[in-house]
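Working notes for the structure below.
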Amino acid sequence: MNSDTHGSEALRCRVTGRVQGVFFRASTERKARSLGIVGHARNLPDGSVEVLAVGTADALSELRAWLGAGPPQARVTAVDCEPEPLPDPLPREFSTR
């Protein structure tokens, strides 16, 4: 993962399965905020959800693990994550799009 001098790293994940229409983005926002992560979650046209997350390595690891299950209504089949350059400017909070 790419990091800066403050220990922040960025990760872009694509979550597939039954992840739209099941409160996945809203639940991801709550989980990310509880971990001190900023970024966003958005629906993609192919039915998957993209998550851009910026935070500490430990927080990102915990979020990535959570994405593998998601909220109770979701049925996650895969989570593919890649390191991402830190966005400039950094997001101020985690949001849904």
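The values are calculated or read from the model by the stated rules, or taken from the named source; none is laboratory data. Only a predicted model underlies this, so the values are computations on that prediction, with no experimental measurement involved. Methodologically, a virtual Cβ is constructed for each residue, glycine included, from the backbone with ideal geometry; neighbour enumeration extends over all protein chains shown.
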| Taking the range 22-43 as the search range and keeping residues that are among the aliphatic types (A, V, I, L, M) and part of a loop (DSSP other than H, G, I, E, B), which one is surrounded by the most Cβ atoms within 10 Å (Cβ to Cβ)? | ILE37
| request: Could you list all residues from the range 5-42 that are free of Cβ contacts under 8 Å to residues at least 24 places away in the same chain and not charged (D, E, K, R)? | output: THR5, HIS6, GLY21, SER34, GLY36
| Only one residue in VAL19, VAL76, VAL49 is of a type in the set (Val, Ile, Thr), buried (at least 16 other Cβ atoms within 10 Å of the Cβ) and in contact with a Phe, Trp or Tyr (Cβ under 8 Å, 6 or more places away or on another chain). Which one? | VAL49
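Just the residues that are of a type in the set (D, E, K, R), without any contact (Cβ under 8 Å) to a residue 40 or more places away in the chain and in a helix (DSSP H, G or I), please, taken from the range 44-83.
Within the range 44-83, ASP58, GLU62 qualify.
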| request: Could you check, for the range 84-93, whether at least one of its residues is under 13 Å from the mean Cα position of the chain (by Cα), assigned to a helix (DSSP H, G or I) and over 17 Å from ARG14 (Cα atoms)? | output: no
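For residues that are over 8 Å from the mean Cα position of the chain (by Cα) and at negative phi, tally how many sit in the range 30-54.
Counting residues in the range 30-54 that are over 8 Å from the mean Cα position of the chain (by Cα) and at negative phi gives 15.
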| message | Condition check: under 21 Å from SER95 (Cβ atoms) and at pLDDT below 95. Does SER8 satisfy that? | response | yes
